[in-house]
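Reviewing the structure listed below.
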Amino acid sequence: MRQVNGAIGSLGEEAGTASRLTGGTMALAEESRQVIAATLQEISTIAVEVQGTSERIEHLSAATDQVARIVGVIREIADQTNLLALNAAIEAARAGEQARGFAVVADEVRKLAEHTSAATQEINQVIRAIHDSKTQAVNGMQQMVASISRGETLTRQADQAIHGMADAASEAAQIVQHISQQLQQQSQRIDEIHQSTDGIAQGSAESDQRLHDSTALAMQIEQDIHDINMQISRFRVS
């Protein structure tokens, strides 16, 4: 009887330990899920910002393309103006002293056209630099988007794993509750055995029946303890 009481006491301690472990696991799982939810929200915000930045870069690229086309037109006009000024200077030289003033104007126009052409070349260099920077920025954005996507996938997988852990902890809590109920039943059966044992001394006529009942109860308790041990073994910390 003392061994039975000791076994039930040990099972009670095991059940208490398992209950604390499952409770802590469920609390940790809930905290982790909250952190993951916040992380997913941050990832979503970053993805929106990256998308907005990418769109602004595309708008900038379109604007520089338009500027490049306008600069191309200006350069063509400057080249034509330069050619016309050169022809005008030649004709003024042929006309002699009377066209000297016209030659001076033609020369100034030619210089202005040359300066304009040089300026358009510098603008084109700036535009090419912008295009290069835009290409690098777009590549960086694409890599960032890919990284964000992978991070979101991993985070969702972690959320699923933690959800499974929480479900397992909840199931474990139910098992622990079942074990506690069984322990209460064992305590009641032990009380019955005590009562039966006390009644044995009252008369030989009832002794055999009470001994038989006590033996049956003891065997049932032994089987229940074995079943409980099998359930508790999965919660023992190695």
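The values are calculated or read from the model by the stated rules, or taken from the named source; none is laboratory data. All figures in this text were calculated on a predicted structure; none of them were measured in a lab. Glycine also receives a Cβ, built like all others from the backbone with ideal geometry; neighbour counts cover every protein chain displayed.
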TODO: Confirm whether T17 is at pLDDT 80 or above, of a type in the set (S, T, Y) and part of a helix (DSSP H, G or I).
DONE: no
- [ ] All but one of (1) over 23 Å from the mean Cα position of the chain (by Cα); (2) surrounded by 13 or more Cβ atoms within 10 Å (Cβ to Cβ); (3) at pLDDT below 80 hold for T120, so report the exception by its number.
- [x] (3)
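Identify, from the list R150, R156, the residue that is part of a helix (DSSP H, G or I), within 20 Å of G52 (Cα to Cα) and among the basic types (K, R). Explain how you work it out, then say what you get.
Values: R156 fails: within 20 Å of G52 (Cα to Cα).
Going through R150, R156 in turn, the sole match is R150.
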- [ ] Give segment 51-64 a look and list any residue that's surrounded by fewer than 13 Cβ atoms within 10 Å (Cβ to Cβ) and either at pLDDT 85 or above or among the hydrophobic types (A, V, I, L, M, F, W, C) (or both), or say none.
- [x] A62, A63
- [ ] Taking only segment 66-102 into account, find how many residues are in contact with a helix residue (DSSP H, G or I) (Cβ under 8 Å, 6 or more places away or on another chain) and among the charged types (D, E, K, R).
- [x] 4
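Tell me the residue from Q177, Q185, Q143, Q181 that is among the polar types (S, T, N, Q), modelled with pLDDT of 75 or more and either outside any helix (DSSP H, G or I) or surrounded by fewer than 15 Cβ atoms within 10 Å (Cβ to Cβ) (or both), please. Walk me through how you get there before you give the answer.
Numbers: Q177 fails: modelled with pLDDT of 75 or more; Q185 fails: modelled with pLDDT of 75 or more; Q181 fails: modelled with pLDDT of 75 or more.
Sole residue among the options that is among the polar types (S, T, N, Q), modelled with pLDDT of 75 or more and either outside any helix (DSSP H, G or I) or surrounded by fewer than 15 Cβ atoms within 10 Å (Cβ to Cβ) (or both): Q143.
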Task: The listed residue being without any contact (Cβ under 8 Å) to a residue 40 or more places away in the chain, over 30 Å from V138 (Cβ atoms), surrounded by 14 or more Cβ atoms within 10 Å (Cβ to Cβ) and basic (K, R), out of R33, R94, R100, R110 - done: R110
Open item on the list: A158 - would you say it is under 30 Å from I46 (Cβ atoms) and either of a type outside the set (D, E) or out of contact with any strand residue (DSSP E or B) (no Cβ under 9 Å at 6 or more places or on another chain) (or both)?
Closed with: yes
Task: Matching residues, segment 146-167, being without any contact (Cβ under 8 Å) to a residue 24 or more places away in the chain and under 20 Å from A29 (Cα atoms) - done: T153, L154, Q157, Q160, A161, G164, D167
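Looking for whichever is surrounded by 12 or more Cβ atoms within 10 Å (Cβ to Cβ), β-branched (V, I, T) and modelled with pLDDT of 80 or more here; the options are I162, I130. Which one fits? Spell out the reasoning first.
Values: I162 fails: modelled with pLDDT of 80 or more.
Of the residues listed, the single one that is surrounded by 12 or more Cβ atoms within 10 Å (Cβ to Cβ), β-branched (V, I, T) and modelled with pLDDT of 80 or more is I130.
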TODO: Could you please let me know if Q121 is more than 15 Å from T53 (Cα to Cα), touching a residue at least 24 places away in the same chain (Cβ under 8 Å) and part of a helix (DSSP H, G or I)?
DONE: yes
